[in-house]
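These notes concern the structure reproduced below.
The values are calculated or read from the model by the stated rules, or taken from the named source; none is laboratory data. These figures come from a predicted structure and were not determined experimentally. Ideal geometry is used to build each Cβ from the backbone, glycine not excepted, and the neighbour counts take in all protein chains shown. Just the protein is used for accessible areas: all its heavy atoms, side chains included, with ligands, DNA and RNA removed. Shrake-Rupley method; radii C 1.70, N 1.55, O 1.52, S 1.80 Å.
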Amino acid sequence: MNPIKLDRACDNFEEFKTRLNPTRVIDQYEVLLDDLFTIRTPHTKFMVDYKEELDEFVSDYLAGKNIIDVGEWFFFPWNGLLVHYLPDQEHQEVRTARNRNIITEDEQKKFYNYRVAIAGLSVGSHPALTMGMMGGPKMMKLADPDVLGPSNLNRLRYDFTTIGDKKVDLVVNTLWQMNPYGDYHRYSVGVTTGNIDQFLEGVDLLVEEVDNLEMKIRLRLEARKRGIPVIMATDNGDNVIVDIERFDLEKNLELFNGIAGHIDLEEFQKIKPADLPKLATKIAGKDMVMPRMLDSLLGVGKTLYSWPQLGDAATLAGVSLAYITKRLALGESLRSGKLEVNLDKIFDPDYDLPENQGRRDANRSQFAKIIGLE
């Protein structure tokens, strides 16, 4: 379901409203105009009273029309809301005004016109929503086959009223409500061999956050073939490990920047199921994974149902990937490879003490031996 826009050539507002029977009408157009006015008249920031100027602005803007007859009305079928928005250009102006000039007007246009595909919407929901918040890509393709479960809620920006909803619907619907002028495409079955071509068609960047190792490989092979860069963030305790693969610059770059050796679908099919944890550990970065993560991974299927993930790490992944996307969209220089965003290293004064580094190294070595990497 996509938003339904009032077509004033065919409908008037009252007929539109009666036909759709919304559960709630949200009309804050006066507030929107107030904000639009202050954005365009920065000199009023330090004025005690600018009511006369504001009234003149609103009067000129309405030009004698009723307020319900200006701007655009959108009905959202998933929740029954009927909402009054500024026209497209003014909507983008208002919602990105506080970005300036950390993001300049020209940069904002480049970021908005960048096209992104995101596969996997647990961790992947965070960069999608963060980019949307920043006025980022107008066009996004979003894929995930799963529904939201209660144990997802320690790291996703939703609540218990959304349990059982499809993750892709939650993300896309939120993006539409941020920006009903966007171009958002949902892939409710996830990325498959049948839709992967369509999923990657016409995009500038792939954000890969799926769990399936075969699909991780398949997506990268297809992205490399098309010269599409791939970025990925892996939860690591309170931290994240970020992968940047510049297939747009290096057409023969090994998958995962070569950290897993030469790997393609043919090689993957030869790997025994018992050896898949080795491959997953290589891909994650065996020399970066935090000790508590490693201990937890050894407990999966014994004392733990699944590997642990935290809300701060998932949020940090979203921040990191949105930042990287913006740099790519603006053509800025970017360090590639496997990189660590480590809050412990920044804030823990004892993190780099030799004895603590030694304990981490010993823990990683022991884990590598247990799963057969050493």
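First obtain the Kirkwood hydrodynamic radius of the range 1-117 from its Cα pairs, then insert it into the Stokes-Einstein equation at 20 °C and 1.002 mPa s, and state the resulting D in µm² per second as a whole number.
Calculated translational D: 131 µm²/s.
For 292, 186, 364, 24, give me the order by solvent-accessible area with a 1.4 Å probe, most accessible first, ignoring ligands, DNA and RNA.
Largest accessible area first, the residues go 292, 24, 186, 364.
Could you grab the Rg to Rh ratio for the range 192-312? Cα atoms only, Kirkwood for Rh. All intermediate terms of the calculation are to be shown ahead of the outcome.
Working: Rg = 15.1 Å, Rh = 15.5 Å.
Dividing the radius of gyration by the Kirkwood radius yields 0.98.
Points 7 angstrom from Cα along the Cβ direction at residue 12 and residue 52: gap in nanometres?
3.7
With every protein chain left in place, what is the accessible area per residue of the chain in square angstrom, probe 1.4 Å?
Roughly 51 Å² per residue, with all protein chains present.
Shape of the range 56-105 from its Cα gyration tensor (a ≥ b ≥ c, root eigenvalues): rounded if a/c is under 1.5, otherwise prolate when a/b > b/c, or oblate?
Taking the square roots of the gyration eigenvalues as a ≥ b ≥ c, the range 56-105 is oblate.
Using a 1.4 Å probe on the protein heavy atoms only, what accessible surface does residue 4 show? Give it in Å² to the nearest 10.
Per-residue accessible area (residue 4): approximately 70 Å².
For residue 252 and residue 267, compute 0.36 nm times the residue count separating them, minus their Cα-Cα distance, and round to one decimal in nm.
Extra length available between residue 252 and residue 267 comes to 3.7 nm.
Assuming R0 = 25 Å, what is the FRET efficiency of residue 65 and residue 21, from their Cβ-Cβ distance, to the nearest 0.05?
The formula returns an efficiency of 0.50 here.
How large is log10 I(q)/I(0) at q = 0.22 Å⁻¹ when the Debye formula is applied to the Cα atoms of the range 88-201, each weighted equally and without solvent?
Taken in order of the listed q values, log10 I(q)/I(0) reads -1.17.
Show 17, 338, 302, 51 ordered by accessible area, largest first, where the area counts protein heavy atoms only and the probe is 1.4 Å.
So, going from the largest accessible area down, we get 302, 51, 17, 338.
Quick one, which of [x] 34, 28, 25; [y] 44, 23, 20; [z] 37, 22, 20 is the actual semi-axes √(5λ) of the Cα gyration tensor in Å calculated for this model?
[y]
Computing the accessible area with a 1.4 Å probe over protein heavy atoms, can you report the carbon and sulfur percentage for the chain?
52
Any number yet on Rg/Rh for the range 278-327, C-alpha, Kirkwood? Numbers along the way, then the final one.
On the way: Rg = 13.3 Å, Rh = 12.6 Å.
Looking at the range 278-327, the ratio lands at 1.06.
Please give the calculated 222 nm ellipticity per residue for the chain, where each DSSP H segment of at least 4 residues contributes -39500 (n - 2.57) and the sum is spread over every residue; nearest 500 deg cm²/dmol?
Mean residue ellipticity, 222 nm, calculated: -12000 deg cm²/dmol.
Taking a label point 7 Å from the Cα of residue 370 along the Cα→Cβ vector, which residues of the range 276-313 have an amide N closer than 12 Å to it?
Of the residues in the range 276-313, 291-304 have backbone N under 12 Å from the label point off residue 370.
Provide the percentage of antiparallel DSSP beta bridges, counting only those with both residues in the chain; round to the nearest 5.
Numbers: 20 of 40 bridges.
Counting DSSP beta bridges with both partners in the chain, the antiparallel share is about 50 percent.
Arrange the residues 53, 266, 250 by how much accessible surface each exposes, largest first, with a 1.4 angstrom probe.
The residues order as 266, 250, 53, largest area first.
When the expected Rg is taken as 2.2 N^0.38 Å, what fraction or multiple of it is the alpha-carbon Rg of the range 253-374?
For the range 253-374, the normalised Cα radius of gyration comes out at 1.22.
Give me the distance between the Cα centres of the range 323-358 and the range 93-155, rounded to whole Å.
With the range 323-358 and the range 93-155 each reduced to a Cα centre, they are spaced 21 Å.
In square angstrom, rounded to the nearest 10, how much accessible surface does residue 240 have for a 1.4 Å probe?
0
How far is the Cα center of the range 159-225 from the Cα center of the range 297-311, in Å?
Distance between centres, Cα-based: 25 Å.
To the nearest 10 square angstrom, how much accessible area does residue 293 have with a 1.4 angstrom probe?
Accessible surface of residue 293 is approximately 20 Å².
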